[in-house]
Amino acid sequence: MSRTLYDKLVDAHKVCDLPDGDMLIYVDFHIMNEYTSPQAFSGLDQKGLNVWRPEAHLAVIDHVNATRQRDPHDDASKLLIENLEANCSKHGIAFYGLGDQRQGIEHVVVPEQGLVVPGMLIACGDSHTTTYGAYGALGFGIGTSEVEHVLATQTLRYKRLKTMQVVVDGDLGPGVTAKDIIMKVVQVVGAGGANGYAVEFAGSAIKTQGMAGRMTICNMAVELGARAALMDADDAAYRMAAGRAHSDLLHFDTEEWSADPGAKYDKVFHIDAAQIAPLISWGTSPDQSVPIDGTVPVVTRDMTPKARAALDRALTYMGLVAGQSVQDIPIDSAFIGSCTNSRIEDLRAAASVLKGRKVAEGVNAIVVPGSTFTRMQAEAEGLDQVFREAGFDWRPESGCSMCLAMNDDIAMDGERLASSTNRNFEGRQGRGARTHLMSPAMVAAAAISGHLADVRTFRTEEG
Amino acid sequence: MPKTIKGHAAPLPLANVDTDVIMPKRFLITITREGLADGTFADLRFDDAGAPRPDFILNQTPWNKATILIVGDNFGCGSSREHAVWGMAQLGFTAAIGTGFAGIFYDNARKNGLALPIVTPEVRDQLMTLAADPDGGEFCINIETRTITASNITVPFQIDGATQNALIRGGDDTLDTLEYAETIRAFEAGLTDKMRVRVIK
Ligand code: SF4
């Protein structure tokens, strides 16, 4: 029988069926951060339990740490950071803390350190764990109670998901990136359209993406509600997994980590890559996006009262007028960072737009490389100079920073941001903050222009 | 034991209510599970000065005593923070009824005994209307029979067997799973050396 890649991965990790209909699955590797793990460790303590296999876990500091300087910016974040370090040292768990060259946003660190190879099952107390699907590995986010469960048993209780295939075929136009592909997919399938599903991406426009682009796509698949996102592991995935700190230690190649030809999916979507334009989000849900040369949506006659109310609410929060051209929207700030778009490839793409140009007067522009290692690599390539000369604030420390504003990088009420992140929720980057999601190159274009701008016109000017 | 959840319901018709809205990040800087009631829906409940917003449904009588929410599509989307569920439980909620929930939120709810009955869009709209009626009376969710009774109607809802069982039985998944320790060890014995992750410290 033809199997989907998802089914192969679940089958390979199934420990046993449970009487109530769940199964136990084996977690090869588990990642923790400082804000969703403390209560899991205290749960272990209360129950008098040990960590089942300490060497299969990694803890990273990324969510609350400051990025202007290494020292914690307040006592509360200091407590979270010290708490994780203490829990790890007590239980013998690897800890990549501040000052460690391997530190950074967990989903940037893990591939960089060679800790993901095709065929693995990875869990993490963070929803963007879907990122690892780019390697043909099954990664998914879990809550704190499940973090405790993995620590104590190396397994999770699991229910098989339904499967969805998203096929993106054709050639991308100039200036269109992996970020635009996934924003298009979110727009088509809808936020929550993949709740209860594992999504497998296929098609020529996916296969021609490099690993960074594939990670961007799998990363943001959680904005569809997908609990898992997968791509066939091809040579590029194996090559990328090789030659990194852990890669010689790991090998899961017991079968082909790709979907069988003729595998059946519960739902299938087809998207024509040629029809995708560079997108920006205009609203407060990641599926509310329009092409950069488009306009803010207007109420139409076929809209239900509920849809109208939702549109009104989003427009009010975002301070936008229905029908206005999106390129006229002025920005206050530009942010390049996050597990979606802060890899070296993303920094290069933004730098190529910034080179020889200046950030518009009054725009506060920040770039936070995804990991310490990425930052050092970028500095070795001279990218930091390009950003600095353009007027960007190049941060010396790595972390999530203004992606979720849990450190001291908090946007102000009403502040409008061009952002390379993944969520434009109300209040995400600060209470009342207005986020427009887009690719890193588009953030750079907006920073230079002082308003949302079409990166394709920049390319032309460059000649 | 038939497990039923009774209480007053409040309508929260917004779609895509994400975990940042349920529990804003400034309340996440904590190493305990406690003290999250005030943070729950904080930006909807309170204004910048910390005063209750009179136009928000949970600040109005009789909905201020609601323990059940009728919610819009895709409730609980966004981050994995279990703090969202802890906070809802601490604020006194025992159930949220909707058409579909984000996966991690759904699993987190199960671990904490917060029931999430799934109904059709039509039924949800019907329940939303009943909940919006100040004299609507109590809702009763019967986990065993998978039905919701409100006013004079009784409607079915969906729940998977394992979650239903967990809600009725209570218990602790971690301790229960450790009963399978031998089976887990047997599975591990079948892994090759290179399939056992050892993170370099
Ligand atoms: S960068 Fe943003 S989305 Fe990614 S893990 Fe950090 S907070 Fe979450």
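By the count of other C-beta atoms within 10 Å, a proxy for reagent exposure, B:L12, B:L44, A:L404 are ordered fewest to most as B:L44, B:L12, A:L404.
Legend: mean number of C-beta atoms from other chains within 10 angstrom of residue C-beta atoms, peptide A:238-251, equals 2.
Between the listed residues A:V298, A:A309, A:G319, the Cα displaced farthest toward the positive end of the dipole of the range A:281-322, a dipole computed from Cβ unit charges relative to the Cα centre, is found at A:A309.
Does a label point 7 Å from the Cα of A:F269, set along Cα-to-beta-carbon, have any residues of the range A:164-182 with amide nitrogen under 17 Å, and which are they? A:164-170, A:177-182, by backbone N distance to the label point. For A:N364, the residues 5 or more places off, or on other chains, whose built amide H falls under 5 Å of its own are A:S333, A:A334.
Among B:T163, B:T30, a tally of other beta-carbon atoms within 10 Å of each Cβ gives an order, fewest to most, of B:T30, B:T163. Among B:A51, B:A115, B:A181, determine the one that fluctuates most according to a GNM of chain B built with springs between C-alpha atoms less than 10 Å apart. Judging by the Gaussian network model, the answer is B:A181. This model, with +1 at the C-beta of Lys and Arg and -1 at the C-beta of Asp and Glu, gives the range A:9-269 a dipole about its Cα centre of some 300 debye.
Mind checking which lysines have their Cα closer than 20 Å to the Cα of A:K267? Skip sequence neighbours fewer than 8 apart in that chain. Leaving aside lysines fewer than 8 places away in the same chain, those within reach of A:K267 are A:K8, A:K159, A:K162, A:K184.
Residues whose amide H lies under 5 Å from that of A:I280, counting only those 5 or more places away or on a different chain, are A:V290, A:I292; hydrogens are built 1.01 Å from N in the peptide plane. Its relative contact order, with pairs defined as Cα atoms under 8 Å and 6+ residues apart, puts the range A:9-269 at 22 percent. Using alpha-carbon pairs under 8 Å, 6+ residues apart, how would you state the relative contact order of the range A:38-171 in percent? Here the relative contact order equals 25 percent. The Cα-based radius of gyration of the protein assembly as shown, divided by its Kirkwood radius, gives an Rg/Rh of 0.94.
A quarter of the convex hull surface defined by the alpha-carbon atoms of the range A:9-269 gives 15.2 nm² as the mean projection. Estimated translational diffusion coefficient (Stokes-Einstein, Kirkwood radius over Cα pairs, 25 °C, 0.890 mPa s) of the range A:194-291: 156 µm² per second. Projecting the Cα atoms of A:P54, B:T32, A:Y6 onto the charge dipole of the protein assembly as shown (Cβ charges, centred on the Cα centre) puts A:Y6 farthest toward the positive pole.
Near the amide H of B:I97, within less than 5 Å, lie the amide hydrogens of B:L69, B:I70, B:V71, all on another chain or at least 5 residues away, with H placed in the peptide plane.
Per residue of peptide A:297-309, the mean number of Cβ atoms on other chains within 10 Å of the residue Cβ is 1. Per residue of A:222-228, other chain Cβ atoms within 10 Å of the residue Cβ number 4 on average. Summary value for chain A: 18 percent relative contact order, contacts being C-alpha pairs under 8 angstrom separated by 6+ residues. Calculated mean residue ellipticity at 222 nm for the protein assembly as shown: -9000 deg cm²/dmol, from DSSP H runs with n ≥ 4 weighted as -39500 (n - 2.57), summed, divided by the residue count and rounded to 500. The magnitude of the dipole of chain B, with charges of +1 and -1 set on the Cβ of Lys/Arg and Asp/Glu and taken from the Cα centre, is near 540 debye. Among B:G39, B:G170, B:G161, whose mean-square fluctuation peaks in a Gaussian network model of chain B (Cα, cutoff 10 Å)? Highest fluctuation of the listed residues: B:G161.
Dividing the Cα radius of gyration of the range A:279-461 by 2.2 N^0.38 Å, with N the residue count, gives 1.01. The distance between label points at A:K355 and A:Q385 comes to 1.2 nm (points 7 Å beyond Cα on the Cα→Cβ vector).
The spread of Cα positions in the range A:122-211, taken along each principal axis and listed from longest to shortest, comes to 49, 25, 18 Å.
When you work out D = kT/(6 pi eta Rh) for the range B:1-128 at 20 °C and 1.002 mPa s, using the Kirkwood radius from C-alpha pairs as Rh and the Stokes-Einstein form, the result is 145 µm²/s. Among B:A162, B:M195, B:T183, which residue has its Cα furthest toward the positive end of the charge dipole of the range B:65-201, with +1 on Lys/Arg Cβ and -1 on Asp/Glu Cβ? Value computed over the given set: B:M195. Legend: ranking of residues B:D43, A:D171, B:D20 from fewest to most surrounding C-beta atoms inside 10 Å; resulting order A:D171, B:D43, B:D20.
For the peptides A:79-85, A:49-55, residues were scored by their other Cβ atoms within 10 Å and the scores averaged per peptide; the highest-first order is A:79-85, A:49-55. If you wrap the range A:61-118 in the convex hull of its Cα atoms and look at it from every side, the mean projected area works out to 4.5 nm².
Rounded to whole numbers, the Karplus 3J(HN,Hα) couplings from phi for the range A:308-322 are 4, 4, 5, 4, 4, 4, 5, 5, 5, 4, 7, x, 10, 10, 4 Hz, using 6.51 cos²θ - 1.76 cosθ + 1.60 with θ = phi - 60°, and x at Gly and Pro. The tail of the calculated P(r) for the range A:45-171 beyond 26 Å holds 29 percent of all Cα-Cα pairs. Remark: the protein assembly as shown carries a charge dipole of roughly 260 debye about the Cα centre, counting +1 on each Lys and Arg Cβ and -1 on each Asp and Glu Cβ.
Each value in this text was obtained by applying a stated rule to the coordinates, not by laboratory testing. Note that the structure is predicted; figures quoted are calculated from it, not measured. Positions of Cβ are generated from backbone atoms using ideal geometry, with glycine treated the same way; all protein chains shown enter the neighbour counts.
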